[in-house]
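Enquirer: Next up is a structure, given as structure tokens.
Where a number appears in this text, it was derived from the coordinates with a stated rule and is not lab data. None of these values were measured; they are calculated from a predicted model. Don't worry about glycine lacking a Cβ; one is built from the backbone with ideal geometry, like all the others, and counts go over all protein chains shown.
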Amino acid sequence: MYYLCVKSKTKTIMETLIKFLGIVALAIIVDLLLAFPTMWLWNWLMPIIFGLVKITFLQALGINVLCSILFKNSSTSNNNK
């Protein structure tokens with residue numbers, strides 16, 4: 001009886017861990033995919049319009065992370081529409 005309980009808890013913990021790692025991996029993939037358009041648009045428009053330098057992929061990733069921190073929706077209201 002105890003063996004079944006431990007086995008069930010282990011299975012639940014493993015399933016939770018796999019789901020968590022899947023969500024983290026998906027978030028990383030989405031962030032990486034969104035950094036390319038940021039880099040391409042920046043390198044296409046900003047040097048011509050404002051005379052700024054071109055950016056690298058990691059700088060574009062940093063801009064995306066910074067924007068997600070600065071412009072995060074912190075609204076806690078619950079509108080039922």
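Enquirer: Where does each of LYS72, LYS54 land when they are ranked from fewest to most other beta-carbon atoms within 10 angstrom?
Expert: Least crowded to most crowded, the residues run LYS72, LYS54.
Enquirer: Quick check on the exposure proxy: order ILE28, ILE55 from fewest to most C-beta atoms within 10 angstrom.
Expert: ILE28, ILE55
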